[in-house]
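Encoded as structure tokens, the structure appears first; notes follow it.
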Amino acid sequence: MAAYTNGIITAVAASPSSLHDTGAVPTLIEAHEKILGSPSWIAADTKYGSEECLAYLQEREIKTSISPDSRSNKPNYYSKEEFTYDEKEDYYICPQGNILKRKAKTYKLNRIK
């Protein structure tokens with residue numbers, strides 16, 4: 001992932017493929033600021049339209065041209081709010097009633113599979 005100004009790369013960030021690209025946005029913005037100051041606006045594809053990313057940019061008063069990330073138009077996709085968590089049994093129940101049991105936990109990335 002890189003930040004561009006008139007075709008010139010102003011910042012670069014690399015991350016493991018297991019992490020979403022939006023996590024690099026603060027790093028890119030800060031690196032860009034060291035060279036050229038705070039950008040007044042940025043443009044990016046919908047992958048950068050996560051609620052967290054847009055909130056970060058809004059807090060920094062950086063205008064955006066980014067469509068919100070919406071998976072609602074994808075078949076068989078459910079938002080996390082549609083799942084029910086059973087704390088006692090430590091599993092989730094999907095909207096179709098299937099039980100999703102924990103298979104593994106990656107402590108380094110703080111993720112549960």
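In nm, to one decimal, how far is the modelled label at Asp45 from the one at Glu61, with both set 7 Å along Cα→Cβ?
Taking the simple label geometry, Asp45 and Glu61 are separated by 3.2 nm.
How far apart, in nanometres, would the label points at Tyr91 and Thr27 be if each is projected 7 angstrom from Cα along the Cα-to-Cβ direction?
Those two pseudo-labels are separated by 3.7 nm.
Please compute the net charge surrounding Glu89, taking Lys and Arg as +1 and Asp and Glu as -1 over other residues with Cβ under 11 Å from its Cβ. Write out the running numbers ahead of the final one.
Numbers: positive: Lys88, Lys101, Arg102; negative: Asp86, Glu87, Asp90.
Once positives and negatives cancel, what remains is 0.
Summing +1 for each Lys or Arg and -1 for each Asp or Glu, what net charge is found among the other residues whose Cβ lies under 10 Å from the Cβ of Ala11? Intermediate values should be presented prior to the final figure.
Working: positive: Lys34; negative: Glu30, Glu33.
Result for the local shell: -1.
Cut-off is 10 Å between beta-carbons; in what order do Thr22, Thr64, Thr106 appear when sorted fewest neighbours first?
Fewest-to-most Cβ neighbours within 10 Å comes out as Thr106, Thr64, Thr22.
Taking amide H atoms as placed 1.01 Å from N in the peptide plane, list the residues 5 or more away in sequence, or in a different chain, whose amide H sits under 5 Å from that of Thr10.
Ala3, Tyr4, Thr5
Under the Karplus relation 6.51 cos²θ - 1.76 cosθ + 1.60, θ = phi - 60°, what is the ordered set of whole-Hz ³J(HN,Hα) values for region 29-37, x standing for Gly and Pro?
4, 5, 5, 5, 4, 5, 9, 10, x
Would you mind counting up the charge near Thr27? Only other residues with Cβ under 12 Å from its Cβ, with Lys and Arg at +1 and Asp and Glu at -1. Before the final figure, lay out each step's value.
Values: positive: Lys34; negative: Asp21, Glu30, Glu33.
Residues close to Thr27 contribute a combined charge of -2.
Which far-off residues, 5 or more places away or on another chain, put their amide H under 5 Å from the one on Tyr91, with H placed in the peptide plane?
Under 5 Å from the amide H of Tyr91 lie the amide H atoms of Asp86, each far enough along the sequence or on another chain.
Which entries in Lys47/Lys103; Lys34/Lys105; Lys63/Lys101; Lys63/Lys103 show an alpha-carbon gap greater than 30 Å?
Details: Lys47/Lys103 27 Å; Lys34/Lys105 37 Å; Lys63/Lys101 41 Å; Lys63/Lys103 41 Å.
From the list (Lys47/Lys103; Lys34/Lys105; Lys63/Lys101; Lys63/Lys103), the Cα-Cα distance tops 30 Å for Lys34/Lys105; Lys63/Lys101; Lys63/Lys103.
None of the figures in this text is laboratory data; all of them are computed from the coordinates on show. The model shown is predicted, which means the values in this text are computed figures rather than measured ones. Cβ sites come from the backbone with ideal geometry, for glycine too, and all protein chains shown count toward neighbours.
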